[in-house]
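K.L.:
Before I ask anything, here is the structure I am working with.
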Amino acid sequence: MSNSKSSIGLRIVLVLAGLLIMVTGINVAFGGILTLGWQGANDFAVATNQQRYFAQDSHVRFLGGVWLSIGLLFVVAATNPIKFQAALRFALIATFIGGLARFSQMNLGVTLGQDVLGSLIAELVGMPLLYFWLSKVVAQSTPSKTGASMNNRIMGLCLFLGIGSFTEAQTLSQLTTVQKETVVTNHASGTFEVKLNPQAPQDSVGDPTVGRMSIDKQFHGDIEAISKGQMLAVMTEVKGSAGYVAMERVKGTLHGRKGTFALQHSGTMTRSTPGLIITVVSDSGTDQLIGLAGTMMINIVEGKHFYEFDYTLAEAK
């Protein structure tokens, strides 16, 4: 939830508006056509048909209850306008339409008179202003310059730069030994599926223009494993230029050897020219994968994702 001045101001206005709406809602819900008299004298009607009067009174009490509920929604939504934005937008639009419905009375003298004008302004002017204010707060909380479209661009970048797309091959680092054991160079290959999910920005953490996504992978082939991680990405004003970093933890088997290890991504895009390095984090291997080192490259062919993994690992005892 955003704590900007704009967000705090919106929350205060929502609380005040909600309390006012609740008062008027209670006045009608529990007072019916004659109201409880909280908004003025209530001796303005005389029933000539009791049955019809009570039926209409019941309808008015229902509408008063709905109005009371809208006020309660405003107060609750003030705790986190972004979380309740969908319900808020609906309530604001519904209230605006209710204001327009006043003109169906075809009596401008009453509709624009002092007894109704204040409510009419709140409904036809105040509700749209709150709607656009809410939209501004939501936009400020989005980790991008262009809202949801930015998330799509970041996802496209990730798919292009190696979490599921064509990349350049990376050469294997110089071989090392682990605790004087015999180290063997190996190659693993296979396929994988990946899911990327945009994550909401955290309060007062980082810059909202830095996109954040969760990574969820399933490896098949020489690596049979699942992988979970996180990615940070930045888009630029220049089309085709961007960058991302990511960390993921792989858990499963590598050529039948069980354990976990971490992969570190560093991807760049320079005017549509990709560059990517994916390496095993030093000393991140566990169980039968202790001492694992290597690099990975990723390709995509006809929509299917493939990995090529060159690695070194001490021979199994």
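The values are calculated or read from the model by the stated rules, or taken from the named source; none is laboratory data. Nothing here was measured: the structure is a model prediction, and the numbers come from that model. Neighbour counts are summed over all protein chains in view; Cβ atoms, including those assigned to glycine, are modelled from backbone coordinates with ideal geometry.
K.L.:
Considering the range 7-24 alone, what residues qualify as being small (Gly, Ala, Ser) and surrounded by 15 or more Cβ atoms within 10 Å (Cβ to Cβ)?
P.N.:
7, 17, 18
K.L.:
Give the range 1-50 a look and list any residue that's under 15 Å from residue 71 (Cβ atoms) and either in contact with a strand residue (DSSP E or B) (Cβ under 6 Å, 6 or more places away or on another chain) or among the aromatic types (Phe, Trp, Tyr) (or both), or say none.
P.N.:
30, 38
Rundown of residues vs (1) within 19 Å of residue 210 (Cα to Cα); (2) modelled with pLDDT under 95, yes/no style:
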| residue | (1), (2) |
| --- | --- |
| 239 | yes, yes |
| 244 | yes, yes |
| 251 | no, no |
| 255 | no, yes |
| 261 | no, no |
| 265 | yes, yes |
| 269 | yes, yes |
| 273 | no, yes |
| 277 | no, yes |
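K.L.:
Only one of 225, 233 is touching a strand residue (DSSP E or B) at 6+ places or on another chain (Cβ under 9 Å), at pLDDT 95 or above and hydrophobic (A, V, I, L, M, F, W, C). Can you tell me which?
P.N.:
The unique qualifying residue is 225.
K.L.:
Out of the range 235-281, which residues are under 30 Å from residue 315 (Cβ atoms) and of a type in the set (Phe, Trp, Tyr)?
P.N.:
Passing the criteria: only 261.
K.L.:
Which residue, of 99, 9, 71, is in contact with an Asp or Glu (Cβ under 8 Å, 6 or more places away or on another chain) and under 19 Å from residue 122 (Cβ atoms)? So that I can check it myself, show each step before the final result.
P.N.:
Details: 9 fails: in contact with an Asp or Glu (Cβ under 8 Å, 6 or more places away or on another chain); 71 fails: in contact with an Asp or Glu (Cβ under 8 Å, 6 or more places away or on another chain).
None of the others qualify; the one that does is 99.
K.L.:
Give the number of residues within the range 207-225 that are out of contact with any Gly (no Cβ under 6 Å at 6 or more places or on another chain), in contact (Cβ under 8 Å) with a residue 24 or more places away in the chain and loosely packed, with under 15 Cβ neighbours inside 10 Å.
P.N.:
Qualifying residue count, the range 207-225: 2.
K.L.:
For the range 280-317, enumerate the residues that are within 15 Å of residue 259 (Cβ to Cβ) and among the aromatic types (Phe, Trp, Tyr).
P.N.:
Correct list: 309, 311.
K.L.:
A follow-up question, please. In this structure, is residue 277 within 33 Å of the chain's Cα centre (by Cα) and farther than 19 Å from residue 241 by Cα?
P.N.:
no
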